[in-house]
Amino acid sequence: MNIGSTLKDKSVRTLPLQPSSPISRENQNQQLVKECCEWLRFHRIWGKLSDQALQALTQCFQLLKLSAGTEIYCEEQKPVGIYLVKWGSVEIYRLSIIGKSHIQYRSAGELFGYIPLMGESVNATYQANAIALSKSEMWFISRSDFLQLLATYPEIHGTINYFFSQDLTAFAERKIKEQLRNAQLQSYLHPIPQGEKILGSSKAIQKLRQQIENAAHNLKPVVFQAAPGTGKTFLAGLIHVNSGLANHLFAEIDCATLSPTDTGELNTDPLFGRNGEHLGVLELLERGTLLISNVQVLNNADRDRLIHYLKTRLVIPNPSHNNGTEKATTNPPTPVHS
């Protein structure tokens, strides 16, 4: 039995560097300005600003309505302003040698796109990419307006610094993890079939094509049951390349190749990872498609952990060794966005 887990995201549409359809300040509905001001006033961070600063801030906002998959900005582009999420979800990510590497998500009330504007260099560029994961609305402030607000209302600078310190810490931690991920994933990556098709016109082939199409358009794990050499990896690749994750990684781990431990059981560290020591492929892959082959060689406990992951997206790693000096310990399950 083989299990392939596939998650989908949306196709990418690019948002121009300068927002093309904001509500102009002259025609901006004052009711929207009032609504925005009230929304910020009750926010745990923005609500600490004075009424004068909040009023000035909201007068500069331009409303952007984005569909899922809209690319907001890209690495190496010069910043045009800052973005504050009203509702929806935004992913901040970097491109590495092995594909997309997630940094963080942005949701209601959170700021992004401002870091290049905080330094003294006028030539600073974005060091990451931003994309709307879902249908979203956000407020945009142009670069010139943002810098003028900082100069006029120093308290806004303090609020921005709060987000800045949090983001710098997250970004530094993420870069370290990204380097480890790039090195450790190499042996699991699998080439993606390009332009390949399932040949034939029989009823069985037609049914298989339909099953592949259905699998590529939902979030459920896929189970393959077939004899060795019948093309399960190829079919998993077709599901991947026709899904919303086509621009993410496609990886495979064969449980039959896991080495035995001193006790004779399989060493499942490459799959689940080990507490406090290293990550397994389930966590390393993040967003992408993972084909897990020959699951039948795992013991019942490991298969239960794998089923738990497929149902909950929570990885239960192997307990730490503690160098044999203490009883092995376990941590709570780790959530995975894959």
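Here are the numbers for this structure:
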item	result
Of the criteria (1) free of Cβ contacts under 8 Å to residues at least 24 places away in the same chain; (2) of a type in the set (S, T, N, Q); (3) closer than 22 Å to TYR309 by Cα, which one THR233 fails	(1)
Pairs with Cβ under 6 Å, 6+ apart, first in segment 244-266 and hydroxyl-bearing (Ser, Thr, Tyr), second not in a helix (DSSP H, G or I)	SER259/ASN267; THR261/ASN267
Condition check for ILE307: closer than 15 Å to LEU189 by Cα and either among the β-branched types (Val, Ile, Thr) or surrounded by fewer than 21 Cβ atoms within 10 Å (Cβ to Cβ) (or both)	no
Where VAL85 falls short, out of the listed (1) surrounded by fewer than 18 Cβ atoms within 10 Å (Cβ to Cβ); (2) of a type outside the set (Phe, Trp, Tyr); (3) at pLDDT 85 or above	(1)
Matching residues, segment 210-255, being within 20 Å of ARG303 (Cα to Cα) and among the aromatic types (Phe, Trp, Tyr)	PHE224
Residue within segment 121-128 that is β-branched (Val, Ile, Thr) and more than 20 Å from VAL33 (Cβ to Cβ) present	yes
Qualifying residue in segment 145-165 (condition: over 26 Å from CYS37 (Cβ atoms) and hydrophobic (A, V, I, L, M, F, W, C))	no
Filter result for SER259 (among the small types (Gly, Ala, Ser) and closer than 25 Å to ILE198 by Cβ)	no
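Yes/no per residue for (1) among the hydroxyl-bearing types (Ser, Thr, Tyr); (2) in a helix (DSSP H, G or I); (3) loosely packed, with under 15 Cβ neighbours inside 10 Å:
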position: ILE156; (1), (2), (3): no, yes, no
position: ILE160; (1), (2), (3): no, yes, no
position: THR169; (1), (2), (3): yes, yes, yes
position: GLN179; (1), (2), (3): no, yes, yes
position: GLN186; (1), (2), (3): no, yes, yes
position: ILE198; (1), (2), (3): no, no, yes
position: GLN210; (1), (2), (3): no, yes, yes
position: PRO228; (1), (2), (3): no, no, yes
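The values are calculated or read from the model by the stated rules, or taken from the named source; none is laboratory data. A quick note: this is a predicted structure, and the numbers were derived from the prediction, not measured. A quick note on method: Cβ atoms are made from the backbone with ideal geometry, for glycine too, and the neighbour counts reach across all protein chains shown.
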